[in-house]
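Novice: My questions will all concern the structure given below.
The values are calculated or read from the model by the stated rules, or taken from the named source; none is laboratory data. This structure is a prediction, so every number in the text was calculated from the model and none was measured. Here the Cβ positions follow ideal geometry from the backbone for every residue, glycine too, while neighbour counts run over all protein chains shown. Accessible surface areas use protein heavy atoms only, side chains included; no ligands, DNA or RNA. Shrake-Rupley method; radii C 1.70, N 1.55, O 1.52, S 1.80 Å.
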Amino acid sequence: MRQSLVIANWKLNGDLALLDSMMNGLSSQTGYVADVVICPPAVYLAAMQQRSLATATDSFKLHVGAQNCSEHTQGAFTGELAPQMLREVGCEYVILGHSERRNLYAETDALIAQKVATAQQQQLKVVLCVGESLEQREQGQTLDVVTAQIAAVLAADVDASQLIIAYEPVWAIGTGKTATPEQAQEVHAAIRQFLNQHSGVGEHIALLYGGSVKADNAAVLFAQPDIDGGLIGGASLDVEQFRAICSAVKG
Ligand SMILES: O=C(CO)COP(=O)(O)O
């Protein structure tokens, strides 16, 4: 049985008040099939961990995730955060390779692979983001681009069986243009097949879809056989929307 997950990526948004209302709102309705992870800006991680412990029950806990981490474990790297520092304040997950990091901060496949390896060595669960641009899709390069991004990480010293992969078509992020369930399923199935051929882990790892997931399209996306949950941007800043998205993952 694969893990199902819904992950909130707050990006550079939110504050302590939103953290409180989100955690209260989510924990007031438990029974989600999916594990729920919130990735707020890093300054709020310790506060989130405190609140997560305070609202946890035997059957429900909100999991803490970071949006990025350093490829280094320590040293003279001003402004960076090491994986074990994130662990120490309660993080279990880290998002790496997001298209905003690739495109706005020039993160290369090689750097992302290094980050994945370091994060895994420090026992963080890595959510590796991959996805094509609109131009690449229009040129029929989607599957090549996505599998090359994954291959670059698998070539490093990483444990493929511990990866979570999020397919986020760049043209669908923050644009309101969601991939159709068929488009998303096609890429997810190809990723699973690639992982099977490459390292035999395709059937076991969680594959998430991200890109303009909302309360009204989540269920149909999550109903696809190879989609195990979602990575949610804008809609994860709204308690009711995000709660509905978490509830849209069925067993
Ligand atoms: O980038 C995303 C999540 O990582 C998706 O963002 P949106 O849900 O706002 O399109």
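Novice: Could you give the length gained on full extension between GLU186 and ASP58, defined as 0.36 nm per residue of separation minus the Cα-Cα distance, in nm?
Specialist: Stretched fully, the GLU186-ASP58 segment lengthens by 42.4 nm.
Novice: Compare the peptides 192-205, 142-155, 48-61 by average per-residue count of other Cβ atoms within 10 angstrom and give them in order, highest first.
Specialist: Highest to lowest by the protection proxy: 142-155, 192-205, 48-61.
Novice: I've got another one for you. For MET23, what is the net charge nearby, where nearby means another residue's Cβ is under 12 Å from its Cβ and Lys, Arg count +1, Asp, Glu -1?
Specialist: +2
Novice: Percent relative contact order of the chain, based on C-alpha pairs within less than 8 angstrom and at least six residues apart? Please report the intermediate quantities before stating the final value.
Specialist: Numbers: 500 pairs, mean separation 54.2, N = 251.
Computed value for the chain: 22 percent relative contact order.
Novice: Right, something else. List, in order, the whole-Hz ³J(HN,Hα) value for each residue of segment 72-84 obtained from phi through the Karplus relation with A = 6.51, B = -1.76, C = 1.60 and θ = phi - 60°; use x for Gly and Pro.
Specialist: Computed from phi, the couplings for segment 72-84 are 9, 9, 5, x, 8, 9, 3, x, 8, 10, 7, x, 6 Hz.
Novice: Run the reach check for LYS214 against lysines, Cα to Cα strictly under 23 Å, same-chain hits fewer than 8 apart removed. What comes back?
Specialist: Here the lysines satisfying the reach criterion relative to LYS214 are LYS11, LYS61, LYS177, LYS250.
Novice: Separate question: Please state the charge dipole magnitude for the chain, taken about the Cα centre, from unit charges on C-beta atoms (+1 on K and R, -1 on D and E), reported in debye and rounded to the nearest 20.
Specialist: Using Cβ point charges on Lys, Arg, Asp and Glu, the chain gives about 360 debye.
Novice: Please give the per residue accessible area of the chain, computed with a probe of 1.4 Å over protein heavy atoms only, in Å².
Specialist: With all protein chains present, the chain gives 43 Å² per residue.
Novice: Roughly to the nearest percent, how much of the accessible area of the chain is carbon and sulfur, given a 1.4 Å probe?
Specialist: The nonpolar share, carbon plus sulfur, comes to 50 percent.
Novice: Right, another one. Can you give me the long-range amide H partners of ALA8? Hydrogens built in the peptide plane at 1.01 Å from N, cutoff under 5 Å, separation of 5 or more residues or another chain.
Specialist: Under 5 Å from the amide H of ALA8 lie the amide H atoms of VAL37, ILE38, CYS39, ILE232, each far enough along the sequence or on another chain.
Novice: Another question, then. At 7 Å along Cα-to-Cβ for each site, give me the label-to-label distance between LEU134 and ALA156 in nm.
Specialist: Result: 3.0 nm between the two label points.
Novice: Convert each backbone phi in segment 231-245 into a coupling constant with the Karplus relation 6.51 cos²θ - 1.76 cosθ + 1.60 (shift: θ = phi - 60°), then list the ³J(HN,Hα) values in order as whole Hz, x for Gly and Pro.
Specialist: 10, 10, x, x, 6, 7, 9, 10, 4, 5, 4, 5, 4, 5, 5
Novice: Which of TYR32, HIS72, ILE150 sits farthest toward the positive end of the charge dipole of the chain, with +1 on the Cβ of Lys and Arg and -1 on the Cβ of Asp and Glu?
Specialist: Positive-end residue among those listed: TYR32.
Novice: Expressed in nm to one decimal, what extension gain is obtained for the pair ALA110 and LEU12 from 0.36 nm per residue of sequence separation less their Cα-Cα distance?
Specialist: Details: separation 98, 0.36 × 98 = 35.28 nm, distance 2.47 nm.
Fully extending the segment from ALA110 to LEU12 adds 32.8 nm.
Novice: Quick check: the distance between the Cα centres of segment 196-251 and segment 94-119, to the nearest angstrom?
Specialist: A separation of 21 Å, based on Cα centres.
Novice: Next question. For segment 182-198, just list the computed ³J(HN,Hα) in residue order, Karplus coefficients 6.51, -1.76 and 1.60, θ = phi - 60°, integers in Hz, with x standing in for Gly and Pro.
Specialist: So the J values, rounded to whole Hz, are 5, 4, 5, 4, 4, 6, 4, 5, 5, 5, 4, 5, 4, 5, 5, 5, 7.
Novice: Right, something else. For the residue pair ASN196 and ALA76, what label-to-label distance in nm results when each label sits 7 Å from Cα along the Cα-to-beta-carbon direction?
Specialist: 5.1 nm
Novice: Next question. Roughly what would the spin-label model give for ALA46 and GLU88, points 7 Å off Cα along C-beta, in nm?
Specialist: 1.0 nm
Novice: Moving on. Amide H neighbours of ALA66 under 5 Å, counting only residues 5+ apart in sequence or on other chains, H built in-plane at 1.01 Å?
Specialist: For ALA66, whose amide H was placed from the backbone, the distant partners under 5 Å are TYR93, VAL94, ILE95.
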